[in-house]
Amino acid sequence: MLGSYPKGAYASAKNVEGCPDGKLQAIWGLGNQLFAFSGSTPDTRSKGRPAENRVSSDICDVRWNTEMHTFITRKLVNETHNVFVMLQGQVASSTGSNLQSQMVMSSKQYRAILKACSMELMHMAETCEDSDERESCEDQLQIFEMIQLIWGFCQILFIEVTPDGLLLNQLLDWIKWHFTDGKRLAVDILHDEVPAEHPAYWEAIFRLLLQGEVDSVRKLLSLNNSNQNEAFLSVDELLRKMPQWAHYHHALSAAEFDMKWRHWRDECQRRLEEGHYAAFPNLETLVMVLCGDENVFTEMKDMCGSWYHLLVSKMLYQNPTVRAPDLHYHAEACMEEFSLSGTRIGELDNILLAAIQFDIHQVIKDSSAFLSTGSWWFVSHFTDLLHHCGQLDTQNLAYGSNLREFLLLEYASSLMSHKSLWQVGIDYLDYCSVFGRTYITQFINHMSLDNEKKAHKLLHICEERNMQEEVQTICKVMGMKSLRRGKLGAALSWFLRSRDVTATSKLTERLIMEYSKTGQFEYTDILDNLGPAMFLSNRLTFLVKYREFHKLYESGETNKAASLLLSLLEARLAPRTFWITLFKDATPLLESEKVIFNSGQTYVLMHCLEELRHELDAKTDISQKLTDMEKDKLDLLQLCLTRNLSKAIKAEGTVKTS
Amino acid sequence: MFRSSGSKTFPMAHEDLIHDVKYDFHGKRMASCSSDHSVKIWDCDEEDQWNCTAAWKAHSGSVWRVTWCHPEFGQVIATCSFDRTAAIWEELLGEQSREGKQSHWVRRTSLVDSRTSVTDVKFAPRHLGLLLATCSADCVVRIYEAHDVMNLSQWSLQHEIQCGLSCSCLAWNPSMFRSHLPMIAVGSDDPSPTAGGKVHIYEYSDANRKWRKVEIISMVTDSVHDLAFAPNFGKSYHILAVASKDLSLFSIKPIGNLGKEPVSAGAISKFDMHRIAEFTEHDSKVWRVSWNVFGTVLCSSGDDGCVRLWKANYMGSWKCIEVMRGNGKRSEQQLEPKTTIVTASNNQNIRLPPPGIMNIKRNSGWPSFSTNADKGKLYY
């Protein structure tokens, strides 16, 4: 099953209701979004309207790389994200063999998550009713199966490297994990009423034998009717005595093992030549396998199903102490075996072959081209792992990044288009030292601010990374949004946060205008709790102080209120048009029986009034904004001021004499 | 759940050729313009469906291009037209827009300085402020500025750049790095090859307060239809895609002031420029180029009716990674893969596309990405 190729590997057709006309055009949207439409480009040479042929003007919204957005694959993204982040932490904190074992662990974790994901996909493919959906499940499943195969193999070669360089045991485990037909057959046979009569009885035995499952083979043989025959007993003894690495736990040196093994094989050879098994051709074949007979492997290659299975089986019986660097000599022979019988050598084979040849870059390159249909999940995580294992020469790119970062950036940006996975993408970008930060900036800038919650989330991300400029932009955009919806209070607080003076001033003016119209303060909760933020804009300072004045006035602290009002006028903080309102507010204070404005303060007020009148006479645009009635009020105010002045002088005189 | 990965089609209902379609900054809104003099605004709702929320007659001639302003300035677009004007439109604030799904756009201003068709219009990158560049067939690029970002009805013409050639398109360099001066590339559709290079590059000098021509790409002598700078991520060079007789990519590298302060007053910046890729795959005129957000994938469309996607591998070599066809025919025999165990149960079930599909052929490029298979659904 693994020797074949997934659909869509060569040509993937997307059924999109397309444009009937040939002139297809496209524009990038955000992330993986592309708009295709039929149209033309401005041709300034033509005289105005192009030809009157009416073209159907449909638009296609085409999306790319959405494989990682499905329910199941999302789990893969989220769970491997944790492993990734943990691994980066360990790389930073531990060294040497400790780190090495962490790498192996991470590699296994990645694979375990992928396996779990495959199982779910398989389950879904089985239960799914919709044929389209099932098909895409199956496509995905196949890709995942291949990734597991490659990853398992590369882990043996590059990550979990044994100190003595022997790798047969691991290879056997790898083969057993991915080729399970033999085991499945064996189970069927064991459940059969007459196991030895089962048509696949010998096939199961051979398949298991090729994977080194000696105990299972012995068990199956013991079910045979002639199991008490001498030939069977002899084979059983050979199998029992077969030296196996796993039994020695590396207590033996390779040379010692090799000796034991040769001894054992000579024994097999001897018994075979003496014709112990001549009466049982199947047993004879079996012992020939044990002897590592070249021809018998050729016969059995179909049971292996692939050259790499054949390779491992051959090594098991021909050369169990083979070391990684020598593997590729043997691999070529096995591949030839298969290509002679007409099997096409495909991408997967090439990837594995490149791995055997220790050409890691080729492995990554081919995997990128072949397996990243839809996502960079595999190559990015895998390359990161290899990078930390020191297997990649840190070849820098023209603009100062490396292969690991290149792939991580691709993976992270492929997550950007999803409505929740983008947060995972950001964490990956954090570990890209060269371009990560600028990518995050770009990410954030293009994130749509659908609601406050999302905006706060983004702000949090920016603040964690000390991205001041982005914080300001987000606040500004949110401010404009609130403003458009007429939520002035929210808009004000956003603008304040973005420290945007112009926008804040403009907005404050609107609030002031609204007050002059209605006489009611709105958004008092914000205004009363601004603190030092009010100094961002003069207008805002004024508004806050003015509001304070009203509070003082209402609570009866007239003296304080009066001096605050005065200082507002004196500091020229208020817009001119608003002075009238301020004077109006002053009137009741002037008219009260107690003297509130002393003579000095009254002079200041009179001075301000004169200034206003002067400007009105100068016919500036302010005068047009004032109604005649308001102008009359100024005269009235003049009177109030004079009366207050006399009152104040009198009172001040009185105080002195008493 | 796999359906979400599909693509969808919706009718634009323009009565004539569509000239331009643009996403807004966040990819949630879209504007389209057409020869029928109108502009339409499309919004993406929660269910990922595109709905037309506004449509109006914007000009009295074909509307060539539409462009979105950064959202921090509000919901603003600019259009340009054969009627010799460019216009700025803003979505109305307040109640009208909240009621129902329709939004209202008002013309904030008309820019009437050109005496000929205005062929392109682009807002400057946000960090330069609220600037708008237009170019027109009368060989002039005009830069306008809004002095008060809260009041978009007042724009003043800041600069007029005489290009000497009829302009067809322009592009701002989006680089946000302070060491890069504001830059504009202008393309000309002058058909005469003797008129010299058809892409001019201008740079703004703060000291002189002037735009000055710093480079002419003399390698491009055929008329240019579109230009686009790739977003710059702190690379030492800019990449400019040029759609002309074929597709070219140029790298433009400032010399001498790398990472330093902008060049001293008065001096003209120098550039090291070379063509990093030239593609003739379209085999005909290339009309349009567009970069993705990260500047890693370029999409181009040409007279051959194909849309092609281009991507550089990590060594910087560019390759075509996808081809989309809109001719409604399966152009190439699809290679049916071998039957596999997982699909053995239903390998007869080869899906036949509905009539009028768009084919996407995947080329072997590296590194590459591809589309998900067959998810077409009709949505109307």
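The values are calculated or read from the model by the stated rules, or taken from the named source; none is laboratory data. What you are looking at is a predicted structure, and each value in this text was computed from that prediction instead of being measured. Here Cβ is always computed from backbone atoms with ideal geometry, including for glycine, and neighbour counts include all displayed protein chains. Please note that ligands, DNA and RNA were not included when accessible areas were found on the heavy atoms of the full protein model with its side chains. Shrake-Rupley method; radii C 1.70, N 1.55, O 1.52, S 1.80 Å.
Given a 1.4 Å probe and every protein chain left where it sits, what share in percent of the accessible area of chain A is carbon and sulfur?
Whole-percent figure for carbon plus sulfur exposure: 51.
Below 8 Å, C-alpha to C-alpha, sequence gap of six or more: please give me the relative contact order for chain A in percent.
On the way: 632 pairs, mean separation 59.5, N = 658.
Value for chain A: 9 percent.
Round to the nearest 0.05 the FRET efficiency obtained for A:His247 and B:Ser236 when R0 = 51 Å and r is the Cβ-Cβ distance. Can you show the working numbers first?
Numbers: r = 60 Å, r/R0 = 1.18.
Efficiency at R0 = 51 Å is approximately 0.25.
Give or take rounding to whole Å, what are the principal axis extents of the alpha carbon atoms in region A:259-327, in descending order?
For region A:259-327, the Cα spread along each principal axis is 39, 31, 12 Å.
Could you state the angle between the C-alpha long axis of helix A:131-154 and the longest principal axis of the C-alpha atoms of chain A, as a value from 0 to 90 degrees rounded to the nearest 10?
Taking the Cα atoms of chain A, the angle to A:131-154 is about 70 degrees.
For region A:203-360, count all C-alpha to C-alpha pairs, find those more than 20 Å apart, and express that count as a whole percent of the total. Show your work: numbers first, answer last.
On the way: 6684 of 12403 pairs.
In whole percent, the long-distance tail amounts to 54.
Please report the base-10 log of the normalised intensity I(q)/I(0) for region A:540-655, using a Debye sum with one equal scatterer per alpha carbon and no solvent, at each q in 0.15 (1/Å).
One equal scatterer on each Cα of region A:540-655 leads to -0.65.
Would you mind checking the tilt of helix A:468-484 against the longest principal axis of the Cα atoms of chain A, expressed as 0 to 90 degrees and rounded to 10?
That helix lies at roughly 60 degrees to the long axis.
Any chance you could check region A:115-129 for residues losing 40 Å² or more of accessible area when the partner protein chains are in, compared with the chain on its own (1.4 Å probe)?
The answer is none - no residue of region A:115-129 has its exposure fall by at least 40 Å² when every protein chain is included.
Take the Cα atoms of region B:133-272, build their convex hull, and give its volume per residue in Å³. Please list the in-between numbers first.
Details: hull volume 16.5 nm³, N = 140.
Looking at region B:133-272, the number lands at 118 Å³ per residue.
About the Cα centre of chain A, how large is the charge dipole given +1 on each Lys and Arg Cβ and -1 on each Asp and Glu Cβ? Please answer in debye to the nearest 20. Before the final figure, lay out each step's value.
On the way: 67 positive and 86 negative charges, 854 e Å.
Here the size comes out at about 4100 debye.
Which one of A:Leu166, A:Met303, A:Asn529 is farthest out on the positive end of the charge dipole of chain A, using unit charges on Cβ (Lys, Arg +1; Asp, Glu -1) and the Cα centre as origin?
Positive-end residue among those listed: A:Asn529.
I need to check one value: relative contact order of region A:114-200, counting alpha carbon pairs closer than 8 Å and at least 6 residues apart, in percent.
Values: 36 pairs, mean separation 16.5, N = 87.
Relative CO of region A:114-200 lands at 19 percent.
How much length, in nm to one decimal, is gained on full extension between B:Leu157 and B:Asn51, taken as 0.36 nm per residue of separation minus their Cα-Cα distance?
34.6 nm is the gain from fully extending B:Leu157 to B:Asn51.
Would you calculate, for chain A, the mean residue ellipticity at 222 nm contributed by helices, counting each DSSP H stretch of 4 or more residues as -39,500 (n - 2.57) and dividing by all residues, to the nearest 500? Show your work: numbers first, answer last.
Numbers: 31 runs with 435 residues, N = 658.
Result for chain A, helices only: -21500 deg cm²/dmol.
From other protein chains only, count the Cβ atoms within 10 Å of every residue's Cβ in B:301-313, then give the mean. Present the calculation step by step, with values, prior to reporting the outcome.
Numbers: counts 10, 3, 4, 3, 7, 5, 8, 1, 4, 0, 1, 1, 5.
Across the residues of B:301-313, the mean count of other-chain Cβ atoms within 10 Å is 4.
Can you tell me the accessible area per residue over region B:182-309, all protein chains present, probe 1.4 angstrom, in square angstrom?
Numbers: 4720 Å² over 128 residues.
With the other protein chains kept in place, region B:182-309 gives 37 Å² per residue.
When only C-alpha pairs under 8 Å and at least 6 residues apart count, what is the relative contact order of region A:283-342, in percent?
On the way: 32 pairs, mean separation 21.3, N = 60.
That works out to 36 percent.
By how many degrees, between 0 and 90 and to the nearest 10, does the Cα long axis of helix A:201-210 differ from the longest principal axis of chain A?
Helix A:201-210 sits at roughly 70 degrees to that axis.
Whole number in Å², please: accessible area per residue of region A:197-340, 1.4 Å probe, ligands, DNA and RNA not counted.
47
How much solvent-accessible surface does A:Met478 expose, in Å² to the nearest 10, with a 1.4 Å probe and all protein chains in place?
10
Probe of 1.4 angstrom, ligands and nucleic acids ignored: what's the accessible area per residue over region A:469-553, in square angstrom? Don't skip to the answer; put the middle values down first.
Numbers: 3770 Å² over 85 residues.
Normalised by residue count, the accessible surface of region A:469-553 is 44 Å².
Quick one: buried accessible area between A and B, total over both chains, 1.4 angstrom probe, nearest 100 Å²? Intermediate results must be reported in sequence, preceding the final value.
Details: alone 34020 and 20340 Å², together 42910 Å².
In total, this chain pair buries about 11400 Å².
Once the other residues with Cβ under 13 Å from the Cβ of A:Arg323 are scored (Lys, Arg +1; Asp, Glu -1), what is the net sum?
On the way: positive: none; negative: A:Asp164, A:Asp258, A:Asp326.
Here the count lands on -3.
In the structure shown, do any of A:Lys453/A:Lys476; B:Lys22/B:Lys311; A:Lys517/A:Lys647; A:Lys419/B:Lys22; B:Lys22/B:Lys285; A:Lys476/B:Lys235 have a Cα-Cα gap over 24 Å, and if so which? Mind showing how you got there, number by number?
Numbers: A:Lys453/A:Lys476 16 Å; B:Lys22/B:Lys311 21 Å; A:Lys517/A:Lys647 33 Å; A:Lys419/B:Lys22 21 Å; B:Lys22/B:Lys285 21 Å; A:Lys476/B:Lys235 28 Å.
As for pairs spanning more than 24 Å Cα to Cα, those are A:Lys517/A:Lys647; A:Lys476/B:Lys235.
Run the numbers on region B:68-88: which residues show a drop of 40 Å² or more in accessible area, chain on its own versus all protein chains together, using a 1.4 Å probe over heavy atoms?
B:Glu72, B:Phe82
Only counting protein heavy atoms at a 1.4 Å probe, give the residues of region A:334-378, ordered by number, whose accessible area falls by 20 Å² or more when the other protein chains are present relative to the chain alone.
Residues meeting the cut-off: A:Lys365, A:Ser368, A:Ala369, A:Thr373, A:Trp376.
I want the local charge near A:Val595. Using Cβ-Cβ distances under 13 Å, sum +1 for each Lys or Arg and -1 for each Asp or Glu among the other residues.
For residues surrounding A:Val595, the net value is +1.
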